[in-house]
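Structure first, then comments.
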Amino acid sequence: MCGIVGYVGSKVPGSVLVEGLKRLEYRGYDSAGVAIFDNGGIKICRCEGKIADLEKRLVDEHFDGSIGIGHTRWATHGRPSETNAHPHYYEGIAVVHNGIIENYLELKTMMIEEGGVFSSETDSEVLSHLIARSIRKGLSFEDAVRESISMVRGSYAIAVLCEKDPTRIIAARNESPLILGVGENENYVASDIPAILSHTRKMLFLDDGEIAVLDRDAYRIQTLDGEAVEREPKHISWDPIMAEKGGYKHFMLKEIFEQPRAIIDTLRGRIVEDTGDVFLDGVTLDEETLKRINRIYVIACGTSYYAGLVGKFMIEELSHIPVEVDLASEFRYRDPLADENSLIVLISQSGETADTLAAMRQGREKGAKLLSICNVVESTLARDCDHVLYTHAGPEIGVASTKAFTCQMTALLLLAMYLGRTRGDLEADRAKELMQHVVQVPGYVEDVLERAEEIREIAEFYADAADFLYLGRGINYPIALEGALKLKEISYIHAEGYPAGEMKHGPIALIDEVMPVVTLVPRDSVYEKILSNIEEVKARKGQVIAVAEDDDREIAERADHIIKVPHADTILTPFILVIPLQLFAYYVADFKGTDVDQPRNLAKSVTVE
Ligand code: AGP
């Protein structure tokens with residue numbers, strides 16, 4: 001999510017670090033900093049805002065060392081500010097970190113009791129404290145890093161400097177990417193290829209549970225248990241633009257493929273797999289208040305609104321609280337019946353959508369409790385609501401929302417389980433059973449992504465169609481809406497999403513031999529009904545593209561094209577069914593040659609009415 005770069009060699013480290021950080025800046029980071037050796041000690045320079053601001057500050061700084069680490073932050077724990085910016089320094093240790101340390105509160109409390117003094121609100125700061133603590137106990141730099149990371153739970157890519165061992169950088173990874181760049185008498189470490197591509201094309205990719213020690217003229221990789229890892233560097237032939245997109249043609253495609261990781265990050269630290277319990281950081285509604293809530297309003301725009309429609313099914317099923325879902329642009333101008341016993345859930349990737357902010361103010365006037373589901377930390381919506389549940393999708397660059405959507409559904413599912421358990425409507429056994437399925441969702445998504453090529457071929461077949469109809473039922477009706485929205489946003493093809501049962505009340509008139517109908521066919525309680533809807537389309541010579549489960553044999557004789565997906569518990573099917581629709585829209589748009597990442601007339605964040 002954030003960006004890391006580190007350098008050991010004979011160049012001016014400040015310039016190498018700033019240049020590397022600039023290459024990652026297009027992702028919209030909120031603060032940055034570097035730690036560089038000077039006069040035997042580590043000097044830190046950090047600031048909130050753009051890399052240009054950091055660069056200005058560095059003009060007046062002097063460093064005599066030739067080793068340093070840098071970081072651009074995209075806030076997850078703690079607002080964007082200078083004190084929350086990395087590197088974090090403590091007693092001779094400087095650390096930059098990407099990822100989420102799940103047990104940071106526990107570790108922080110332990111170290112405060114031991115006399116540690118913390119200066120930031122981040123989870124990352126525990127790392128500098130832990131490593132300094134191990135050094136105090138007499139461990140070498142390398143062993144101190146090893147001991148410290150064995151104490152943390154969660155994901156990390158780190159680069160560390162140590163005043164007692166001033167010639168090297170130690171780096172480590174677990175579930176967050178980290179790359180070593182190999183040069184002539186110099187070495188690099190980075191979270192992303194573009195950060196170091198202008199210096200070297202010889203790169204090594206660390207695996208989970210590996211530690212790297214980088215000196216100027218050598219590097220070595222070990223496992224956490226100290227076993228040496230032999231790995232040859234790879235030659236990276238990407239051009240700089242391709243590198244920014246991680247080798248994908250567009251950010252949208254990269255973000256579609258990031259979804260398994262983004263869902264894991266949104267679940268991380270909030271669930272207990274063995275019991276089905278859910279903990280929501282940032283939500284402090286007490287049991288008493290939760291039990292008084294008699295209605296939930298879910299308010300959002302666009303794709304976030306469709307996530308809200310899925311959330312209605314989840315919340316009503318698991319917590320039995322009635323849910324109304326409203327478009328923010330409508331809610332703000334009506335006189336809703338919300339009151340102090342209502343919970344208003346406002347969903348927004350950006351947290352800056354003008355209509356959603358206006359709806360929040362309307363809800364505040366009514367005295368309702370306000371909870372936001374946001375991706376951008378410290379956005380206006382996140383700050384101004386009483387409670388916030390962050391999605392950890394990471395920066396979303398493509399205008400068409402993909403990973404933010406699946407993470408919003410993840411957050412809504414967690415909220416639904418949390419409400420159900422707290423109010424007693426969700427039995428412990430069902431929660432436990434459901435959670436065992438929930439943790440498999442990233443794997444199911446991965447599985448669908450592996451079928452991208454088949455989806456690309458189907459997209460090529462239909463790329464010249466002028467109109468599309470998308471049909472779904474129940475919890476997947478909003479997925480039909482989202483599939484149609486994705487297609488029209490980026491390919492400019494007219495598409496409509498419909499609840500399948502409504503087809504005969506109007507849209508069936510549109511069906512003829514040139515009308516493709518994308519139909520969502522999970523084996524749920526309305527499976528037979530949707531098969532009948534498919535028959536109705538076929539009887540009028542429409543072309544059916546069915547998204548159906550792997551072992552569904554009945555669909556074969558009814559559909560013209562089938563996209564197979566794994567089977568899942570009904571409440572989890574939206575996560576799986578939306579992926580082929582995102583890929584389908586992407587490939588159709590790519591065949592048409594549109595500007596996929598920045599479609600005409602659209603803005604990533606609609607901050608005006
Ligand atoms: C989705 O692909 C969109 N570009 C758009 O509908 C978006 O979801 C909507 O504008 C809401 O944005 P928000 O989540 O940042 O509030």
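The values are calculated or read from the model by the stated rules, or taken from the named source; none is laboratory data. The structure displayed is predicted, hence computed values, not measured ones. Every residue, glycine among them, receives a Cβ derived from its backbone with ideal geometry; neighbour counts consider all protein chains shown. Remember, those area values only see protein heavy atoms, side chains included, never the ligands or the DNA or RNA. Shrake-Rupley method; radii C 1.70, N 1.55, O 1.52, S 1.80 Å.
Can you tell me how many residues within region 561-604 are under 20 Å from the mean Cα position of the chain (by Cα), outside any helix (DSSP H, G or I) and surrounded by 15 or more Cβ atoms within 10 Å (Cβ to Cβ)?
4
Tally the residues that are at pLDDT 95 or above and over 26 Å from A262 (Cβ atoms), restricting the search to region 186-198.
3
From the list L318, L285, exactly one residue is in a loop (DSSP other than H, G, I, E, B), buried (at least 17 other Cβ atoms within 10 Å of the Cβ) and away from the ligand (no atom under 16 Å from the Cβ). Which is it? Show your work before the answer.
Values: L318 fails: in a loop (DSSP other than H, G, I, E, B).
Going through L318, L285 in turn, just one is in a loop (DSSP other than H, G, I, E, B), buried (at least 17 other Cβ atoms within 10 Å of the Cβ) and away from the ligand (no atom under 16 Å from the Cβ): L285.
Right, A404: out of contact with any Phe, Trp or Tyr (no Cβ under 9 Å at 6 or more places or on another chain), within 13 Å of the ligand (Cβ to nearest atom) and either free of Cβ contacts under 8 Å to residues at least 12 places away in the same chain or over 28 Å from S176 (Cα atoms) (or both) or not?
No: the conditions fail for A404.
For region 117-145, which positions are open to solvent by less than 10 Å² (accessible area, probe 1.4 Å), assigned to a loop (DSSP other than H, G, I, E, B) and either of a type in the set (D, E, K, R) or in contact with a Leu (Cβ under 6 Å, 6 or more places away or on another chain) (or both)?
Listed by number, the list holds a single entry, D123.
Quick check on region 384-401. Is at least one of its residues within 16 Å of the ligand (Cβ to nearest atom), assigned by TED's automatic domain parsing to the domain that holds I315 and without any contact (Cβ under 8 Å) to a residue 60 or more places away in the chain?
Restricting attention to region 384-401, the residues satisfying the condition of being within 16 Å of the ligand (Cβ to nearest atom) are 384-385, 388-401.
Next cut, assigned by TED's automatic domain parsing to the domain that holds I315 only: 384-385, 388-401.
Still in the list and also without any contact (Cβ under 8 Å) to a residue 60 or more places away in the chain: 384-385.
The answer is yes; a qualifying residue exists.
Say we look at region 327-358 and pick out the residues that are in contact (Cβ under 8 Å) with a residue 60 or more places away in the chain and hydrophobic (A, V, I, L, M, F, W, C); which of these is nearest to the ligand (Cβ to nearest atom)?
Taking the candidates together, the pick is I347.
Is there a residue in region 260-273 that is under 30 Å from F591 (Cβ atoms), surrounded by 17 or more Cβ atoms within 10 Å (Cβ to Cβ) and of a type in the set (D, E)? Before the answer, list the steps.
Taking region 260-273 first, the residues under 30 Å from F591 (Cβ atoms) are 260-263.
Then keep just the ones that are surrounded by 17 or more Cβ atoms within 10 Å (Cβ to Cβ); that gives 260-263.
Next, from what is left, pick out any that are of a type in the set (D, E): none.
Taking every residue of region 260-273 in turn, none turns out to be under 30 Å from F591 (Cβ atoms), surrounded by 17 or more Cβ atoms within 10 Å (Cβ to Cβ) and of a type in the set (D, E).
Does S150 satisfy the condition of being outside any strand (DSSP E or B), modelled with pLDDT of 95 or more and out of contact with any helix residue (DSSP H, G or I) (no Cβ under 7 Å at 6 or more places or on another chain)?
Details: outside any strand (DSSP E or B): yes; modelled with pLDDT of 95 or more: yes; out of contact with any helix residue (DSSP H, G or I) (no Cβ under 7 Å at 6 or more places or on another chain): yes.
So S150 fits the description; yes.
Looking for whichever is touching a residue at least 24 places away in the same chain (Cβ under 8 Å), open to solvent by 10 Å² or more (accessible area, probe 1.4 Å) and more than 23 Å from I256 (Cβ to Cβ) here; the options are R558, R553. Which one fits? So that I can check it myself, show each step before the final result.
Working: R553 fails: touching a residue at least 24 places away in the same chain (Cβ under 8 Å).
Testing whether each residue is touching a residue at least 24 places away in the same chain (Cβ under 8 Å), open to solvent by 10 Å² or more (accessible area, probe 1.4 Å) and more than 23 Å from I256 (Cβ to Cβ) leaves just R558.
Regarding region 459-480, can at least one residue be identified that is polar (S, T, N, Q) and more than 22 Å from F313 (Cβ to Cβ)?
To start, the set of residues in region 459-480 that are polar (S, T, N, Q) comprises 476.
Narrowing the set further to residues that are more than 22 Å from F313 (Cβ to Cβ) leaves none.
Looking for residues that are polar (S, T, N, Q) and more than 22 Å from F313 (Cβ to Cβ), one finds none in region 459-480, hence no.
Quickly run through region 223-255 and pick out the residues that are of a type in the set (D, E), within 27 Å of the chain's Cα centre (by Cα) and open to solvent by 30 Å² or more (accessible area, probe 1.4 Å).
Initial filter on region 223-255 (of a type in the set (D, E)): 225, 227, 230, 232, 239, 244, 255.
Filter again for within 27 Å of the chain's Cα centre (by Cα), leaving 239, 244, 255.
Those that are of a type in the set (D, E), within 27 Å of the chain's Cα centre (by Cα) and open to solvent by 30 Å² or more (accessible area, probe 1.4 Å): D239, E244.
All but one of (1) in contact with a helix residue (DSSP H, G or I) (Cβ under 6 Å, 6 or more places away or on another chain); (2) outside any loop (DSSP other than H, G, I, E, B); (3) open to solvent by 40 Å² or more (accessible area, probe 1.4 Å); (4) of a type outside the set (V, I, T) hold for S372; which doesn't?
Just one mismatch for S372, condition (3).
Mind listing whichever residues of region 209-222 are in contact with a Ser or Thr (Cβ under 9 Å, 6 or more places away or on another chain) and open to solvent by 10 Å² or more (accessible area, probe 1.4 Å)?
We begin by selecting, within region 209-222, every residue in contact with a Ser or Thr (Cβ under 9 Å, 6 or more places away or on another chain); these are 209-211, 215-216.
Scanning region 209-222 gives G209, E210, D215, R216.
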